[in-house]
Every structure is written in structure tokens, then in C-alpha cells.
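One structure below.
The values are calculated or read from the model by the stated rules, or taken from the named source; none is laboratory data. Keep in mind that this is a model prediction, so the values were computed, not measured. So basically every Cβ, Gly included, is an ideal-geometry build from the backbone, and we count neighbours across all protein chains shown.
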Amino acid sequence: MRIGIVGGAERTEPQLKRLASAAGHEVEFHAGHMSSCGSASLEALVTRCDVLVITTDVNSHAAVRAARGLSRAKGITPLLCRRLGVGRFSELLHGLESAALSAHV
């Protein structure tokens, strides 16, 4: 599964990628910067991901609005969280695994 993360994960990006990889997932990041080609790269990320996580505390209002709108257009419900650290991301991965197991039963 490909997980898109918008905003706030620049410092923890390597750790989150390792956690996701160990669980069999891929992670893509968008820092939330909307200047220059930021909106095009955000749209590309949302198009490619299966799950979208949007952090709100350390993200621009424009990036949050754009990511929510793009996810709605794609038909996925984003997970909004104030902050996304290693612990919270680990919980998210565990939840994804539980949901996948439930779907196969």
C-alpha cells in the first residue's frame, strides 16, 4: 500500500519510511510547500497514494485545503492529524494491517 503524508514529516521522514517498509508499505512525502511546483507535486502524490495522511499543526492552510480537495476528487478519505510522529505512524500502520486482515476474513 502506498501512504501519502502531507506536511510536517521532514525531520522524521527516514524513520517513517523504515517503519512503512518493514510493514510492506511505501511512503511518499510532501512538505506542504505550495509555491513553485508544490501544487503539482501534491496532486501527483494524492493520485498515486492509497491512504493520505494530512498533518495540520505544521502545515500551510493552502496545502491542507488542496490535499483534502484532491483526496475527495480521488474518492479517498484523508486521515487528518495534528502531528505525526513515529509512535502515531506506528499506530496507523497497525490499524492498516488490522483492517487488511479483517477484509480477508
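Here are the numbers for this structure:
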| read-out | value |
| --- | --- |
| Those residues of region 45-91 which are among the aliphatic types (A, V, I, L, M) and over 24 Å from Gln15 (Cβ atoms), in sequence order | Ala62, Ala66, Leu70, Ala73, Ile76 |
| Residue in region 32-41 that is closer than 29 Å to Ser98 by Cβ, touching a residue at least 24 places away in the same chain (Cβ under 8 Å) and either surrounded by fewer than 17 Cβ atoms within 10 Å (Cβ to Cβ) or among the hydrophobic types (A, V, I, L, M, F, W, C) (or both) present | no |
| Single match in Leu84, Leu52, Leu92 (criterion: surrounded by 12 or more Cβ atoms within 10 Å (Cβ to Cβ), modelled with pLDDT of 95 or more and not acidic (Asp, Glu)) | Leu52 |
| Leu96 vs. criteria part of a helix (DSSP H, G or I), more than 20 Å from Glu10 (Cβ to Cβ), out of contact with any Leu (no Cβ under 6 Å at 6 or more places or on another chain) and touching a residue at least 60 places away in the same chain (Cβ under 8 Å) | yes |
| Failed item, numbered, when Ala20 is tested on (1) surrounded by 15 or more Cβ atoms within 10 Å (Cβ to Cβ); (2) at negative phi; (3) without any contact (Cβ under 8 Å) to a residue 60 or more places away in the chain; (4) of a type in the set (Gly, Ala, Ser) | (3) |
